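The values are calculated or read from the model by the stated rules, or taken from the named source; none is laboratory data. Remember, predicted model here, so these are calculated numbers, not experimental data. Cβ coordinates were reconstructed from backbone atoms using ideal geometry, including for glycine residues, and neighbour counts include every protein chain displayed. Heavy atoms of the whole protein, side chains included, go into the accessibility calculation; ligands, DNA and RNA do not. Shrake-Rupley method; radii C 1.70, N 1.55, O 1.52, S 1.80 Å.
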Amino acid sequence: MSTALTPQPGIMDIALYQGGASQIEGRENPLKLSSNENPFATSPNAIAAIAKVTAEVHRYPSIDHLDLRAAIAEVHGLDPARLICGVGSDEILSLLAMAYAGPGDEVLYPEHGFSMYRIFALAAGATPVVAPEAGRRVDVDALIERITDATRLIYIANPANPTGTALDMAELTRLADAVPASCLLVLDGAYAEFFDGYDGGAALVSARDNVVMTRTFSKLYGLGGLRVGWGYAPQAVIDVLNRVRGPFNLSSVALAGAEAAVRDRAFVNMCLTENAEQRARLIGGLRQLGIGCDESQANFVLARFTDEDEAIKADAHLKAAGILVRLVKGYGFPDALRITVGRPEDVSRVLAALGSFGETT
Ligand SMILES: *Cc1c(COP(=O)(O)O)cnc(C)c1O
C-alpha cells in the first residue's frame, strides 16, 4: 500500500511571498523604489572586500562567523557571544520559529506585520494569530490581549513595514513586561537604524531572558543581494539556534562583504543623513499633493490614496514614468502605495509624477 506524498500540515496554507517588482516592460533602468533598498547602493569598501575574497572561493567559509560577529559587536557595543548571523534576517526569524514553535503552539504578530511571519509560523506547523492594529500602528494592548498559554513567539517589526510607524521604548517595555517566560518576543529591526535614537531593542534583550533582536544588511547597508542578517539574543537562545543553523550558512563572500560594510561608518552616516532629509521632503511633498502619509521612522513611506482604484491608477501612472513602487494590498492596505525613500533626484521624480497624476484625476 502506498499513499501520495503529503507535506506537513500548514505548508499548503502558505501563499508564495510576493516581492517588489524590479522591471517595467519595455523600459530600461526603471527607478526601483519597491523593495526598500539603499538608493546609494553599497559601501565601496564592501564591494572591494567582496572582490578580494572571490579569489578564495574554493575554501569553505568560517563556521562560527567570528570576524563578522566581532565587527558587529564592536560597532553596536554588544557581546559577540550573544550574536548569531544568518542568510538574511529572514533565516534568523525562521530558525526561531523552527526551534520554538510547533503544532499546537501559537505565533502572534500584528495585523499589518511582515508577510514572512505567517509563513514561518505555518512552516513550523504552528498556528498564526493576528492582533489588530490601531491607526496603522502596532497596538500593544491588542497584542497583550491575544497572548495565551500556547503563545511561543511574538514577532513585531519596529519600525514596522509597510507603515513606517514605530513604538517608543516605553511601549516596547510595556509589551516585554507582559510576555510570559514561556514566550519569546522577537523585535525585527530591519529598519532600526533609520529610527533616530533607537537601539533596535538591544537594551531590552540585554536585560531579559526572552527578548530577541534581529537586524539586516539588506536595507541600510545595501546588501540585499548578499543575504546577511544577524540576531542578538540571550545566551540560551543563541545556543539553541546554533544547533539548527547550517554550519556553512553564510558564504565567505557574504561574510567579507558584511564585515567591511558594518565597519564603513562614513558610508552609513551619509546614507542615514540623506534618508532623513529626503524622507521629510517626500512626506511633505505627498501631503502638499493631498496624499495621506504618516510620519515614517524607516526608509520608506506609505502613501494613502482615496481608494483601491486610485492607488492602482497611481501605481500605473508611476510605472509609465519609469518608477516602481509597491502596492500593499497583501498587507491590508489596498488603497496605498509603499514608496522607498530615494536620492534627492528620485524624490523629485516621484513627486513630479504624482503631481501630474493629480492633474489627471
Ligand atoms: C526587509 C525586511 C526584513 C529583512 O529581510 P532580510 O532577510 O534580512 O533581507 C525583515 N523584516 C522586515 C519587516 C523587512 O521589511
*For an R0 of 51 angstrom, estimate the FRET efficiency from the Cβ-Cβ distance between ARG287 and ASN45 and round to the nearest 0.05.*
0.85
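To the nearest 0.05, how large is the calculated FRET efficiency for GLU28 and LEU5 if R₀ is 25 Å and r is the Cβ-Cβ distance?
The calculated FRET efficiency here is 0.05.
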*Points 7 angstrom from Cα along the Cβ direction at SER115 and ASP168: gap in nanometres?*
3.4 nm
*Working out 0.36 nm times the residue gap between GLN18 and ASN269, then minus their Cα-Cα distance, what length gain in nm do you get to one decimal?*
87.3 nm
_Residues with amide H under 5 Å from that of VAL328, placed H, sequence gap 5 or more_ = ALA336, ARG338
*Quick one: what are the phi-derived ³J(HN,Hα) couplings along the stretch 110-118, Karplus 6.51/-1.76/1.60 with θ = phi - 60°, whole Hz, x for glycine and proline?*
x, 2, 9, x, 3, 5, 6, 4, 5
*Once phi is turned into θ = phi - 60°, what whole-Hz ³J(HN,Hα) does the Karplus curve with 6.51, -1.76 and 1.60 give for every residue of the stretch 139-156, x standing for Gly and Pro?*
9, 4, 5, 5, 5, 4, 4, 9, 6, 10, 5, 8, 6, 10, 9, 10, 9, 9
*Dipole size in debye (nearest 20) for the stretch 29-159 around its Cα centre, Lys and Arg Cβ +1, Asp and Glu Cβ -1?*
380 debye
_Long-range HN-HN contacts of VAL129 with modeled amide H, under 5 Å_ = VAL107, LEU108, TYR109
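With a Förster radius of 30 Å, plug the Cβ-Cβ distance of LYS52 and GLU74 into 1/(1 + (r/R0)^6) and report the FRET value to the nearest 0.05.
Numbers: r = 21 Å, r/R0 = 0.69.
Rounded to the nearest 0.05, the efficiency is 0.90.
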*asked:* Along the charge dipole of the chain, pointing to its positive end and built from +1/-1 on Cβ of Lys, Arg, Asp and Glu, which listed residue (ALA124, THR165, LEU175) has its Cα farthest out?
replied: ALA124
*Work from the charge dipole of the chain (Cβ charges, +1 for Lys and Arg, -1 for Asp and Glu, about the Cα centre) and give the residue of ILE156, ASN275, VAL253 farthest towards its positive end.*
VAL253
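Packing-wise, with mean Cβ within 10 Å as the measure, how do 313-326, 197-210, 2-15 rank, highest first? Working shown, then result.
Details: 313-326: 19.4, 197-210: 17.6, 2-15: 9.4.
My ranking of the peptides, most packed first, is 313-326, 197-210, 2-15.
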_So if each residue of separation counts as 0.36 nm, and I subtract the Cα-Cα distance between SER182 and ASP294, what length gain in nm does that give?_
36.8 nm
*Within straight cross-link reach of LYS313, meaning Cα distance under 25 Å, which lysines are found once same-chain residues fewer than 8 apart are removed?*
LYS32, LYS329
*Leaving ligands, DNA and RNA out of it, work out the accessible area of PHE194 with a 1.4 Å probe and give it in Å² to the nearest 10.*
20 Å²
*Placed amide H near ILE291: partners under 5 Å, 5+ positions off or other chain*: none
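Fully extended, how many nm does the chain gain between VAL244 and THR361 (0.36 nm per residue separation, minus their Cα-Cα distance)?
On the way: separation 117, 0.36 × 117 = 42.12 nm, distance 5.38 nm.
36.7 nm is the gain from fully extending VAL244 to THR361.
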*At what distance in nm do the modelled label points of ALA142 and ILE312 sit from each other, each positioned 7 Å from its Cα along Cα→Cβ?*
2.6 nm
*In Å², what does the accessible area per residue of the chain work out to with a 1.4 Å probe?*
44 Å²
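Give, rounded to the nearest 20 debye, the magnitude of the charge dipole that the chain has about its Cα centre when Lys and Arg contribute +1 at Cβ and Asp and Glu contribute -1 at Cβ.
On the way: 31 positive and 43 negative charges, 156 e Å.
Result for the chain is approximately 740 debye, rounded to the nearest 20.
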